[in-house]
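Contents: one structure, followed by commentary.
Read the figures in this text as sums done on the coordinates, not as results from a lab. Model, not experiment: these values are computed from the prediction. Cβ: placed from backbone, ideal geometry, glycine included. Neighbour counts: every protein chain shown.
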Amino acid sequence: MKRRVQGTNDWIIRIIGVVTTICGAALLFIAGSTGAMAESGIASIYAYSGEKTANGERANPTGLTAAHRTLAFGTRVRVTNRRNGRSVTVRINDRGPFVRGRVIDVTPAGARALGFSGLAPVKLELAQN
């Protein structure tokens, strides 16, 4: 009976398997970075002029930026208001929202482009470059 010697590739495959098991959702976003990622929920408005965002930028209420819990900084996301069909592409530069049911915080400029004030049901998709 031959005994198989484990090589480096076997360990890498095992590590990837464990990471997939532990972080399945995170890997889904990475694997789906070609535009396959979609998420629905509630959007809210945020951004206080001059405060720093999580990536170190100054908050700009007139910019088309947003906060998301997990997407990488710099990711461009197409946000569609499900009530009126209006869409805008925003860049993730902050973390949040930290309220259950909310999936994204957009700046006042983003909310105006989407045609809402306060809260709105939205769909998120990774934007094509």
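Listing for the model above:
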{"quantity": "Loop sites in the stretch 80-122: trypsin sites (Lys or Arg not before Pro), DSSP, at most 16 other Cβ within 10 Å", "calculated": "R82, R83, R86, R95, R100"}
{"quantity": "3J(HN,Hα) from dihedral phi, the stretch 86-94, Karplus parametrisation 6.51/-1.76/1.60, rounded to Hz, x for glycine, proline", "calculated": "6, 10, 8, 9, 10, 9, 6, 9, 8"}
{"quantity": "Environment charge at T107 (Cβ cut-off 13 Å; Lys +1, Arg +1, Asp -1, Glu -1)", "calculated": "-1"}
{"quantity": "Amide H contacts of T65 (H built 1.01 Å from N, under 5 Å, at least 5 apart or other chain)", "calculated": "R91, T107, G110"}
{"quantity": "Debye, to nearest 20: dipole size of the stretch 37-126, +1 on Lys, Arg Cβ, -1 on Asp, Glu Cβ", "calculated": "200"}
{"quantity": "Sparse-neighbourhood loop sites, chymotrypsin sites (Phe, Trp or Tyr not before Pro) in the stretch 71-129 - DSSP loop, at most 12 other Cβ within 10 angstrom", "calculated": "F98"}
